[in-house]
Amino acid sequence: MFRTPVHTLDEVKAGGRYLALERVQDPGNVGTLLRSAAAFGFDGVILSDGCASVYAPKTLRASMGAAVRIPVIEAGAMPDAITQLRAKGITCLAAALYKSQPLSAAQASYPGGVCVVIGSEGQGLTDETIAACSSTVRIPMTDRVESLNAGIAGSILLWHFREESL
C-alpha cells in the first residue's frame, strides 16, 4: 500500500525529458509507455483528460512498477499543458504524419528539454495539440502497415530521445 502521489505541471523543469499522452485509453498502452519512459530516463509523464487511469490494475501490471517510480501528472487539456511546457523552454514534438519530419531528422537532445506527445490509438492527436507543439515527427515505416500501436510508437520515440548516458 502507498499514498497516491500527486504531481503538477509546476514540477516540470527546463532541460528535462517528458512524455505527454493525449486520450490514450488502453491501460496496457499507458502502462507500457510509463515503463518505457522510466527505462529511457525520462523525468515524468503527463496525461490529458481521457487517458486510462494510472492506477487501474492493467495499467499497473503493464508498467511493472514504473507507475510509482516516475512522476505522473494529470494535466487536463493537453494544448494548455503544452503551452505551459513551451513557456519553460521545452521543445514539444507531436507524433503525427501531417507536415512532419522523419524521426531520424530530429536531434536526439534539446538543451531546453523535450516532450514527446503521443495521441490516442484510434484518432491520434487533436489538431489543437499538434498546433500547440513546436513541430511534428513521424516514424518512417513500410507501406505494409498503416500505423503502429501507441505503446510501440511511443517507445520508439522515447528510445530516440533517451538519456544520453544510456
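Summary of values
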quantity: Hits in the stretch 103-115 (condition: of a type in the set (A, V, I, L, M, F, W, C) and either open to solvent by 10 Å² or more (accessible area, probe 1.4 Å) or touching a Ser or Thr at 6+ places or on another chain (Cβ under 6 Å) (or both)); calculated: L103, A105, A108, V114
quantity: Test: residue in the stretch 20-31 that is under 21 Å from P79 (Cβ atoms), acidic (D, E) and surrounded by 21 or more Cβ atoms within 10 Å (Cβ to Cβ); calculated: yes
quantity: The stretch 84-102: number of residues that are surrounded by fewer than 16 Cβ atoms within 10 Å (Cβ to Cβ), modelled with pLDDT under 95 and not aromatic (F, W, Y); calculated: 4
quantity: Subset tally (residues that are open to solvent by 10 Å² or more (accessible area, probe 1.4 Å), in a helix (DSSP H, G or I) and not charged (D, E, K, R)) for the stretch 32-49; calculated: 4
quantity: Cβ pairs under 8 Å, 6+ apart, first in the stretch 1-30 and among the hydroxyl-bearing types (S, T, Y), second in a strand (DSSP E or B); calculated: T8/I73; Y18/G44; Y18/V45; Y18/I46; Y18/V114; Y18/C115; Y18/V116
quantity: One residue from A62, A52, A81, A75 being open to solvent by less than 20 Å² (accessible area, probe 1.4 Å), small (G, A, S) and not in a loop (DSSP other than H, G, I, E, B); calculated: A81
quantity: Selected residue (only one of A105, A87, A56 is more than 14 Å from the chain's Cα centre (by Cα), free of Cβ contacts under 8 Å to residues at least 40 places away in the same chain and within 24 Å of R138 (Cβ to Cβ)); calculated: A105
quantity: Unique residue being surrounded by fewer than 23 Cβ atoms within 10 Å (Cβ to Cβ) and within 23 Å of R23 (Cβ to Cβ) when the list is I118, I156; calculated: I156
quantity: Residue check, L9 under 16 Å from G76 (Cα atoms) and either surrounded by fewer than 24 Cβ atoms within 10 Å (Cβ to Cβ) or acidic (D, E) (or both); calculated: yes
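Yes or no, residue by residue, for (1) touching a residue at least 40 places away in the same chain (Cβ under 8 Å); (2) not small (G, A, S):
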{"site": "P71", "(1), (2)": "yes, yes"}
{"site": "A75", "(1), (2)": "yes, no"}
{"site": "T91", "(1), (2)": "yes, yes"}
{"site": "S100", "(1), (2)": "no, no"}
{"site": "C115", "(1), (2)": "yes, yes"}
{"site": "L125", "(1), (2)": "yes, yes"}
{"site": "V137", "(1), (2)": "yes, yes"}
{"site": "A150", "(1), (2)": "yes, no"}
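The values are calculated or read from the model by the stated rules, or taken from the named source; none is laboratory data. A quick note: this is a predicted structure, and the numbers were derived from the prediction, not measured. Using ideal geometry, Cβ is built from the backbone for each residue, glycine included, and neighbour counts are taken over all protein chains shown. Accessible surface is based on the protein model in full, side chains and every heavy atom, while ligands, DNA and RNA are left aside. Shrake-Rupley method; radii C 1.70, N 1.55, O 1.52, S 1.80 Å.
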